Amino acid sequence: MALISVGLTFTSECPHCRNPLPVNQASEVTLCSKCWQGAPTPVKLWEFLVAKRLVEASAMEPETDSWATIMHASLGNIRLTFGNLAPRCGGCEAFLSLESIFTLAKEGDTKFSCSACGAIASVRVPPPWFESVAPFAFLLVGETAPEGGGALTGIPEGISMRCYHCGGPLPLDGSSRTVKCRHCGQDLLVPDDIWQRLHPTVSAHPWYVLLNTGEAAALLPDDIDDFLDLAALPGGDTALLWKEDSTGRIGRADRNGGFRWLNKKIPVSDYARLLYAPGQDLIWVVDREQDIAQAFRADTGASAATVKKKKNKPDFITAVDHEGIAAATDGTLLVHRCWEDDNYALRRFDSTGKRVRLWPGSDDDDLPKKRVEWNVLGDCPARPPDGAWIESGPNGSLYFIDRGSGHYASFDREGIPRGTVEPDCKDVSKIQDCGVSGDGSVYILFDHKKSINEINFSHVGRIKPDGSFTVLAGPHAKKNSSSLGTDMELMSVAENGEIHLCDRGFDNFRILAPDGSPIWRSPATVKEDESRAEELDEALQS
């Protein structure tokens, strides 16, 4: 079991009296200790405010934290402090024993005392609704909250008062400032010092969400400001590449909301691309701006190769100013290089980054490098037609795919043409990305020509080797017509035809089956799909 403890300190404003409202427990209603009215803190609010911060905190260094301020329509100014913080006693701030907490939770106890100072603390299993906020949460520690009767959980007992008239003991439950003596019948006003002891000032304090991440190295972010690329991997996982704090991160995400491994602080620019080379089970990061290429082992994330271009290494990989890249199934990389004066050429590199022949039996220098048209493509092409993507296909094949029409030509590993396919993609307005599956089908991520209420919803289509075209997913699809969103730009297709999709903000990350039916969505995507469905419904009704 991998355990992460996230500390939260949550303060808002009471919507009734506008006094500060500490939120010291996970609850759908938070009671104000000033006016004793309940402030709604529903699940949607927790998902919006807290879910993202829990993921951010889980990735921090131990005993570090951060903060955020948010303006909310009903709760006013909200301040959150969150971090990778071990549970501490609210009284003396000593670290609490996790082993003792686990034992008490298993036994069903909800209260325990600090071994250092004796202060009472709470532990409980999260309520069922909290799963949508933090799927990995298994215990909540250190919560406190005002009770409806006017008392505060966790305050010391033994507060007493005697009647001014007869000296008899008075009943004090904190529900009223005026009490009646049961012995002489006189009404008395509870003095300020005793009333304050019954109703101490409630302030926000840290409480803790314990996350059981299993074997995950880190949790999947809800969104990413500088997301760069993704690559479909065997077994249904996805390699992800992004920038955070000006440095690169690469990880292998599973379908449980976590990473199997995560590498931080790798050098990347905003123009880095991600490729999976199945022949060597390597994940390549190839940069269009920085003259560096990096390879990582797909199973562990360990570095396999780093190639920095130098003048004395002219035969090693570079992708500066490239027009396209692809990873062949034999483990080689293809780069469509661009120089000045219409100087374009394809280059092939092996798993160490060393240049090898583009086509077996042909010297690269002997291949014609003049501009070519789709209708005159011959054997062993040295460059694709203008405006074409390059993609790898089954058995080491290479595909040239037209960015506008979806027309494509393919070549086997020897460079022999396998034919040109001209599908009828009349409904395609703009192709955002494409990929090739193991059966030779070409998948495209595209905007449909028929907008809905002037909104261009994203769609996925498949071009089979026989040239037939089918819209698989999106509002205009016959079967899978739910919304995929409107800003999908990145797609990677696995060998088995599974389609991995993502937008640039990473809050729309999903995997589709080869027929376009949904397989999996990230936790953030699940939360946002309700609003995407509403957007589509409103567009269809307009």
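Of the numbered criteria (1) part of a loop (DSSP other than H, G, I, E, B); (2) modelled with pLDDT under 90; (3) closer than 27 Å to LEU219 by Cα, the one GLU47 fails is (1). Against the conditions (1) of a type in the set (D, E, K, R); (2) at pLDDT 90 or above; (3) more than 27 Å from the chain's Cα centre (by Cα), ARG53 satisfies every one except (3). One residue alone among ASP379, ASP330 is acidic (Asp, Glu), in contact with a strand residue (DSSP E or B) (Cβ under 8 Å, 6 or more places away or on another chain) and closer than 19 Å to PRO417 by Cα, and that residue is ASP379.
Only residues that are within 12 Å of MET161 (Cα to Cα) and surrounded by fewer than 14 Cβ atoms within 10 Å (Cβ to Cβ): list them for region 181-191, please. Hits for region 181-191 are LEU189, PRO191. Applying the condition of being under 19 Å from ILE292 (Cα atoms) and surrounded by fewer than 20 Cβ atoms within 10 Å (Cβ to Cβ) to region 335-344 and asking which residue is modelled with the highest pLDDT yields ARG337. Within region 192-213, being at pLDDT 85 or above and either polar (S, T, N, Q) or loosely packed, with under 12 Cβ neighbours inside 10 Å (or both) holds for SER203, ASN212, THR213. Restricting SER132, SER176, SER160 to residues that are of a type in the set (S, T, N, Q) and modelled with pLDDT of 85 or more narrows the list to SER132. Flag not set for THR352, criterion: of a type in the set (Ser, Thr, Tyr), assigned to a loop (DSSP other than H, G, I, E, B) and at pLDDT 90 or above.
Every condition in (1) within 22 Å of PRO278 (Cβ to Cβ); (2) in contact (Cβ under 8 Å) with a residue 40 or more places away in the chain holds for GLY485 except the one numbered (1). Considering region 13-24, and only residues there that are part of a loop (DSSP other than H, G, I, E, B), surrounded by fewer than 20 Cβ atoms within 10 Å (Cβ to Cβ) and not basic (Lys, Arg), the residue that is nearest to the chain's Cα centre (by Cα) turns out to be PRO15. Annotation note: Cβ proximity below 6 Å between a residue of region 428-440 that is within 19 Å of SER397 (Cβ to Cβ) and a residue that is among the aromatic types (Phe, Trp, Tyr) (sequence gap 6+ or interchain) occurs for CYS434/TRP389; GLY435/TYR443; VAL436/TYR399. Could you say whether any residue in region 243-255 is farther than 20 Å from MET60 by Cα and charged (D, E, K, R)? Yes; the residues of region 243-255 include at least one that is farther than 20 Å from MET60 by Cα and charged (D, E, K, R). Regarding ASP487, is this residue more than 26 Å from GLY235 (Cβ to Cβ), of a type in the set (Asp, Glu) and touching a strand residue (DSSP E or B) at 6+ places or on another chain (Cβ under 8 Å)? Answer is yes for this residue. Selection over region 291-303 of residues that are surrounded by fewer than 18 Cβ atoms within 10 Å (Cβ to Cβ) and over 23 Å from the mean Cα position of the chain (by Cα) gives a count of 2. Of the residues GLY108, GLY76, GLY90, the single one that is small (Gly, Ala, Ser) and closer than 15 Å to HIS205 by Cα is GLY90. Residues in region 355-398 that are touching a Cys at 6+ places or on another chain (Cβ under 8 Å) and part of a loop (DSSP other than H, G, I, E, B): LEU358, TRP359, SER362, LEU367.
Being outside any strand (DSSP E or B) and in contact with a Phe, Trp or Tyr (Cβ under 9 Å, 6 or more places away or on another chain) holds for only one residue in GLU61, GLU56, GLU131, GLU99, and it is GLU56. Scanning region 230-238 turns up no residue that is over 20 Å from HIS500 (Cα atoms) and of a type in the set (S, T, N, Q).
Scanning region 405-444 for residues that are under 35 Å from the mean Cα position of the chain (by Cα), of a type in the set (Asp, Glu) and surrounded by fewer than 16 Cβ atoms within 10 Å (Cβ to Cβ) returns ASP427, ASP439.
The values are calculated or read from the model by the stated rules, or taken from the named source; none is laboratory data. Since the model is a prediction, treat every value here as computed from it, not as a measurement. Methodologically, a virtual Cβ is constructed for each residue, glycine included, from the backbone with ideal geometry; neighbour enumeration extends over all protein chains shown.
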